[in-house]
Ligand SMILES: Cc1ncc(COP(=O)(O)O)c(C=O)c1O
């Protein structure tokens with residue numbers, strides 16, 4: 001399986017956006033995150049165009065920057081006219097340093113610190129998405145002390161089952177994120193917010209989960225959330241003017257995944273949105289979403305160098321690479337599946353049922369099990385596809401391994417956007 005923008009060249013090497021991955025590995029070293037800039041920009045344009053054609057002028061899609069956060073990605077999002085969602089002071093700091101407009105930033109998180117809340121108010125982020133009653137109270141106090149009025153949203157658990165992995169399912173009542181609808185918590189929060197003088201409730205938000213392939217759970221969530229807006233309108237005579245449906249559209253990791261095209265996912269959502277507003281007889285709120293994985297996931301490929309092939313007769317064959325759970329923890333964390341290729345050759349004897357192992361001191365440091373690989377040899381470049389989302393952003397220095405560089409490729413050209421860490425970087429905070 002090859003994802004968008006990848007092809008095999010005449011020399012048998014894997015190419016991304018007309019860049020030979022074996023040459024990229026030579027030039028920049030491995031492990032290396034390679035991001036297809038054209039695909040990222042194209043995905044943003046598709047979201048933006050759909051919004052322009054289908055929702056009010058105040059509506060816009062936000063990129064969920066937890067998927068991949070670095071200065072360059074915020075610059076790209078700014079150029080493409082996207083909003084962004086951030087979940088920590090660190091993401092906010094990075095976005096602001098990239099010159100991203102604060103008013104198009106939505107600040108999330110189930111336990112923002114006071115320092116983060118102050119920072120968000122100071123820099124004037126567009127919306128702070130409040131997670132719980134304690135946070136609401138603390139935020140109102142801080143805003144009052146800072147003499148500010150803060151535009152807020154509420155994170156709501158709409159009670160929708162998103163048919164995805166337990167660790168990335170978040171819309172049900174047993175989730176650490178947000179206010180539940182079914183036990184009256186969400187309504188209670190609205191009542192409280194309306195009584196506070198330093199917060200203005202603008203938005204209701206939900207995020208039902210990630211790596212979702214059906215449109216139904218999204219449409220169901222739209223109905224539930226608009227129903228809530230209508231209920232609040234009739235009970236409190238207060239109109240919430242924004243609906244944010246979060247992220248969640250899936251990406252293709254292996255042949256088993258069949259993600260929808262962006263427009264095919266959004267079309268039924270838009271239809272349900274318009275129909276439900278008219279059925280409930282409420283003015284259409286402005287509409288927002290927060291895709292992360294579907295913008296950057298398939299844009300990313302990680303390149304490694306194979307160090308050794310260890311055959312344990314009658315047991316299994318390990319192919320060890322120069323990275324692992326320190327640059328991609330998703331297999332160790334939740335057995336996330338990937339497609340793995342020998343980027344150095346497209347022909348040769350296929351070695352069956354191999355395990356790709358990392359270099360960390362953990363037996364669970366694997367990238368894939370039970371895969372076929374064309375003649376893996378020491379020095380070959382190994383490519384793991386669809387690593388643009390939740391890879392670099394989850395990377396660590398476990399075993400004091402250096403975090404890889406990120407290179408963006410576009411029309412046959414490459415450029416470094418995040419430098420490889422150095423040993424000196426590792427000592428930066430040591431005293
Ligand atoms: C609040 C919120 N919005 C958006 C996203 C992005 O989701 P995805 O990358 O699946 O589009 C997440 C993911 O965890 C999230 O928690």
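The values are calculated or read from the model by the stated rules, or taken from the named source; none is laboratory data. Since this is a predicted model, take the numbers as computed values, not measurements. Cβ sites come from the backbone with ideal geometry, for glycine too, and all protein chains shown count toward neighbours.
Values for this structure:
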{"quantity": "Output for region 143-159, where each listed residue is touching a residue at least 12 places away in the same chain (Cβ under 8 Å) and out of contact with any strand residue (DSSP E or B) (no Cβ under 8 Å at 6 or more places or on another chain)", "calculated": "144, 146, 148, 158"}
{"quantity": "Enumeration of residues in region 242-254 that are within 13 Å of the ligand (Cβ to nearest atom) and in contact with a strand residue (DSSP E or B) (Cβ under 8 Å, 6 or more places away or on another chain)", "calculated": "244, 245, 246, 247, 248, 249, 250, 253"}
{"quantity": "Which listed residue, of 72, 116, is within 16 Å of the ligand (Cβ to nearest atom) and surrounded by fewer than 23 Cβ atoms within 10 Å (Cβ to Cβ)", "calculated": "116"}
{"quantity": "Neighbours by Cβ (under 8 Å, 6+ apart or cross-chain): first from region 334-349, in the same structural domain as residue 304 (by TED's automatic domain parsing); second modelled with pLDDT under 95 and in a loop (DSSP other than H, G, I, E, B)", "calculated": "334/165; 339/1; 339/3"}
{"quantity": "Residue ranges of helices (runs of 4 or more DSSP H) in region 92-207 with at least 1 members closer than 19 Å to residue 240 by Cβ", "calculated": "133-145, 185-195"}
{"quantity": "Test: residue in region 87-96 that is within 14 Å of the ligand (Cβ to nearest atom), within 24 Å of residue 265 (Cα to Cα), within 18 Å of the chain's Cα centre (by Cα) and touching a residue at least 12 places away in the same chain (Cβ under 8 Å)", "calculated": "no"}
{"quantity": "The listed residue being surrounded by fewer than 18 Cβ atoms within 10 Å (Cβ to Cβ) and without any contact (Cβ under 8 Å) to a residue 40 or more places away in the chain, out of 356, 312", "calculated": "312"}
{"quantity": "Residues being closer than 17 Å to residue 208 by Cα and within 16 Å of the ligand (Cβ to nearest atom) - total across region 263-292", "calculated": "9"}
{"quantity": "Test for residue 99: is it within 24 Å of residue 417 (Cβ to Cβ) and either in contact with a helix residue (DSSP H, G or I) (Cβ under 9 Å, 6 or more places away or on another chain) or touching a residue at least 60 places away in the same chain (Cβ under 8 Å) (or both)", "calculated": "yes"}
{"quantity": "Single residue of 208, 232 found to be within 16 Å of the ligand (Cβ to nearest atom), touching a residue at least 40 places away in the same chain (Cβ under 8 Å) and either in the same structural domain as residue 330 (by TED's automatic domain parsing) or in contact with a strand residue (DSSP E or B) (Cβ under 9 Å, 6 or more places away or on another chain) (or both)", "calculated": "208"}
{"quantity": "Verdict on residue 257 being within 16 Å of the ligand (Cβ to nearest atom) and either in contact with a strand residue (DSSP E or B) (Cβ under 9 Å, 6 or more places away or on another chain) or over 29 Å from residue 143 (Cβ atoms) (or both)", "calculated": "yes"}
{"quantity": "Cross-chain or 6+ apart pairs with Cβ under 6 Å, region 115-142 first and touching a residue at least 12 places away in the same chain (Cβ under 8 Å), then assigned to a helix (DSSP H, G or I) and within 16 Å of the ligand (Cβ to nearest atom)", "calculated": "126/104; 128/120"}
{"quantity": "Cross-chain or 6+ apart pairs with Cβ under 6 Å, region 283-296 first and more than 14 Å from residue 106 (Cα to Cα) and in contact (Cβ under 8 Å) with a residue 40 or more places away in the chain, then part of a strand (DSSP E or B) and within 8 Å of the ligand (Cβ to nearest atom)", "calculated": "294/249"}
{"quantity": "Sole residue being touching a strand residue (DSSP E or B) at 6+ places or on another chain (Cβ under 8 Å) and away from the ligand (no atom under 16 Å from the Cβ), chosen from 295, 374", "calculated": "374"}
{"quantity": "Residue count for region 56-69, restricted to those that are under 18 Å from residue 206 (Cα atoms) and away from the ligand (no atom under 12 Å from the Cβ)", "calculated": "2"}
{"quantity": "Residues within region 52-75 that are touching a strand residue (DSSP E or B) at 6+ places or on another chain (Cβ under 6 Å) and either more than 25 Å from residue 394 (Cα to Cα) or assigned by TED's automatic domain parsing to the domain that holds residue 395 (or both), tallied", "calculated": "5"}
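For every residue, the table says whether it meets (1) in contact (Cβ under 8 Å) with a residue 40 or more places away in the chain; (2) in the same structural domain as residue 325 (by TED's automatic domain parsing); (3) not in a loop (DSSP other than H, G, I, E, B).
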site	(1), (2), (3)
368	no, yes, yes
378	yes, yes, no
384	yes, yes, yes
393	yes, yes, yes
396	yes, yes, no
399	yes, yes, yes
402	no, yes, no
407	yes, yes, yes
420	yes, yes, no
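Residues checked against (1) buried (at least 21 other Cβ atoms within 10 Å of the Cβ); (2) in contact with a helix residue (DSSP H, G or I) (Cβ under 8 Å, 6 or more places away or on another chain):
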residue: 182; (1), (2): no, no
residue: 195; (1), (2): no, no
residue: 198; (1), (2): no, yes
residue: 215; (1), (2): no, yes
residue: 222; (1), (2): yes, yes
residue: 234; (1), (2): no, no
residue: 247; (1), (2): yes, yes
